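Working notes for the structure below.
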Amino acid sequence: MKRFQWRLQRVLDITEQREQVVRAELFALAGAITRVRQEIIRRQVLLRTVLEELAKKGLAERLAQQILFLQQSVSAAREIDRLKGDLAGLEAQRTEKTALFMRLRGQRETLERLRAEARERHRREEDKREQAQFDETTHIAFARKLRHERTGAVA
């Protein structure tokens, strides 16, 4: 039986590799998004904690520290806004990568379906060839037997 070889196998292999790379990039982006979100939350909690500590202090002590807190909170708010911008950028990248991943997955599934169909066609063709060869062998054997009977009966 002739071995099955599919001409588009290399295309399928490359598509699978690209899909794996994009999947890994998606996981990396998800990790980066998680880290940025955690950093935003950490900074917001820190600001709230400092503000709560200020609220517990007496008026005279609080006024002196409140001016310093307000100055620092402006830069902290800018940093949180920058992190939110980074987060939006990462989420946009994730959306693009997800679309690419879905497209690659569709291509891979299509190629796998085509390969399965080609393999099935190959199997049917090989079965036909084997059947034809078997039929030919049977006809030859029958013809020989018939000839042998005729030549044996004549003698």
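The values are calculated or read from the model by the stated rules, or taken from the named source; none is laboratory data. Computed from a predicted model, the values in this text were never measured in an experiment. In this analysis, Cβ positions are derived from the backbone assuming ideal geometry, glycine residues included, and neighbour counts consider all displayed protein chains.
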query = How many of the residues in the stretch 100-155 are of a type in the set (A, V, I, L, M, F, W, C), in a helix (DSSP H, G or I) and farther than 30 Å from LEU29 by Cα?
reply = 12
request  = Determine which single condition GLU52 fails, assuming it passes every other condition in (1) surrounded by 11 or more Cβ atoms within 10 Å (Cβ to Cβ); (2) farther than 29 Å from GLU96 by Cα.
outcome  = (1)
ask   = Listed residues ARG48, ARG35; which is farther than 30 Å from GLU109 by Cβ, modelled with pLDDT of 95 or more, in a helix (DSSP H, G or I) and not aromatic (Phe, Trp, Tyr)?
value = ARG35
task = Would you please list the contacts, defined by Cβ atoms under 7 Å and residues six or more apart or on different chains, that run from a residue in the stretch 24-45 that is in contact (Cβ under 8 Å) with a residue 60 or more places away in the chain to a residue that is among the hydrophobic types (A, V, I, L, M, F, W, C) and part of a helix (DSSP H, G or I)?
result = LEU26/PHE101; LEU29/LEU90; ILE33/LEU87; ILE33/LEU90
